[in-house]
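Everything on this sheet refers to the single structure shown next.
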């Protein structure tokens with residue numbers, strides 16, 4: 001056999017071996033052909049042909065803090081909706097106003113992250129609320145749920161408290177206290193006071209002090225600055241006030257402080273200075289209360305004004321037939337200082353004693369001309385500083401907030 005022939009034989013054997021290996025090899029399952037009817041493409045080198053399936057996200061769960069169908073829900077409840085497995089996207093909360101026949105929406109705010117929604121106010125009494133909540137799960141799939149509940153029933157006349165702001169919208173004197181009155185007694189003063197706010201421009205600090213369960217006052221340490229704007233917010237709607245009572249509504253208001261005017265009546269000298277914006281504008285001869293009817297000394301505040309007023313001594317306990325009884329139908333330029341009946345007013349019948357002696361039944365009298373001028377200058381809220389008598393002003397006999405030191409006034413706060 002030639003060398004060339006030997007090489008050909010070996011090559012043939014080698015090729016036969018390759019053919020035999022190809023015929024007897026086993027394909028691993030990972031490289032198996034697709035099921036009948038399918039097709040496959042070559043798998044690129046370095047790639048895996050396995051497939052991963054992601055499970056669908058769970059639905060979002062929206063839960064209010066008031067159970068569906070609940071009854072007698074407390075009025076001081078703040079409704080909140082929270083989300084699990086997703087976010088809150090919108091909440092609609094309404095109730096039916098049966099008196100007006102309208103549906104009233106309740107405002108609220110969404111958490112920036114969408115974790116919750118919170119109502120901005122408390123609840124109304126004797127109504128049913130409808131709550132519609134919408135949210136999304138982590139895949140963006142929306143879910144809507146609804147709920148209803150009703151609030152506790154209360155007696156409108158005896159359990160709901162209506163506030164009023166004295167002198168709301170008026171221009172007043174520098175000693176005008178902020179006065180909020182309640183038609184039903186407040187026994188939980190602290191609860192209500194937390195929802196009272198005074199804002200003054202320019203800013204002046206101050207504090208509240210309770211006069212009674214039906215009235216609370218606010219004043220700064222010194223008289224208001226002339227020109228101050230005072231804003232009052234009484235946000236007590238559905239706030240518990242004690243003994244099963246609640247605030248019925250939110251009220252906002254306030255007043256503007258006018259120029260500075262201070263009356264300084266010295267009943268020992270029988271003269272009264274009227275100081276306007278720091279300057280003595282007029283000195284008026286006056287007469288005060290005689291023996292047995294002494295005028296009270298102290299810092300008082302003008303509470304109301306009457307161009308003409310009937311003054312009947314019977315209103316202060318002096319009966320007809322008493323030598324001191326009087327009933328004058330047309331007293332001019334009357335300016336009230338106290339609840340007990342002290343006024344500044346025109347007293348033409350005592351002009352001969354004015355500037356010389358105290359001959360009245362407790363009021364401060366002056367000539368009609370002086371009283372007319374003073375009446376034209378004075379605002380409700382102007383201070384009257386009375387000196388020269390041994391009788392002192394009783395707490396609460398008028399707006400006596402300035403008759404005590406500020407620290408003592410602050411002791412009347414419930415907070």
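Brief remarks follow.
- Subset of region 86-113 [modelled with pLDDT under 95 and on the phi > 0 side of the Ramachandran plot]: 101
- Any hit, region 340-351, residues being assigned to a loop (DSSP other than H, G, I, E, B), at pLDDT 95 or above and under 31 Å from the mean Cα position of the chain (by Cα): no
- Selection status of residue 291, at pLDDT 95 or above, closer than 23 Å to residue 394 by Cβ and not assigned by TED's automatic domain parsing to the domain that holds residue 217: yes
- Per the conditions (1) in contact with a strand residue (DSSP E or B) (Cβ under 6 Å, 6 or more places away or on another chain); (2) farther than 15 Å from residue 339 by Cβ; (3) not in a strand (DSSP E or B), the sole criterion not satisfied by residue 295 is (2).
- For the residues 368, 387, the requirement of being surrounded by fewer than 19 Cβ atoms within 10 Å (Cβ to Cβ) and within 12 Å of residue 300 (Cβ to Cβ) singles out 387.
- Filtered by the rule that a residue be out of contact with any strand residue (DSSP E or B) (no Cβ under 6 Å at 6 or more places or on another chain) and crowded, with 18+ Cβ neighbours inside 10 Å, region 175-195 gives a lone residue, 176.
- Residue match in region 301-308 (condition: in contact with a strand residue (DSSP E or B) (Cβ under 9 Å, 6 or more places away or on another chain), without any contact (Cβ under 8 Å) to a residue 12 or more places away in the chain, outside any loop (DSSP other than H, G, I, E, B) and surrounded by fewer than 21 Cβ atoms within 10 Å (Cβ to Cβ)): no
- Pairing each residue of region 60-73 that is closer than 19 Å to residue 134 by Cβ with any residue that is assigned to a loop (DSSP other than H, G, I, E, B), provided the two are 6+ apart or on different chains, yields C-beta distances under 7 Å for 60/85; 61/85; 64/79; 65/79; 66/77; 66/79.
- Residue in region 351-359 that is surrounded by 18 or more Cβ atoms within 10 Å (Cβ to Cβ) and closer than 29 Å to residue 171 by Cα present: no
- When region 252-292 is filtered for residues that are assigned to a loop (DSSP other than H, G, I, E, B) and surrounded by fewer than 16 Cβ atoms within 10 Å (Cβ to Cβ), the ones remaining, listed by number, are 259, 268, 269, 277, 278, 291, 292.
- Residue in region 355-366 that is within 36 Å of the chain's Cα centre (by Cα) and outside any loop (DSSP other than H, G, I, E, B) present: no
- Within region 330-349, the residues that satisfy the criterion of being surrounded by fewer than 20 Cβ atoms within 10 Å (Cβ to Cβ) and within 18 Å of residue 294 (Cβ to Cβ) are 339, 340, 341.
- Residues that are more than 23 Å from the chain's Cα centre (by Cα) and crowded, with 19+ Cβ neighbours inside 10 Å within region 137-171 comprise 137, 147, 149, listed in sequence order.
- For region 227-237, a residue qualifies if it is more than 21 Å from residue 75 (Cβ to Cβ) and surrounded by 15 or more Cβ atoms within 10 Å (Cβ to Cβ), and the qualifying residues are 228, 230, 232.
The values are calculated or read from the model by the stated rules, or taken from the named source; none is laboratory data. Note that this is a predicted model, so its numbers are computed, not measured. Note: ideal-geometry Cβ built from the backbone for every residue, glycine included; neighbour counts use all protein chains shown.
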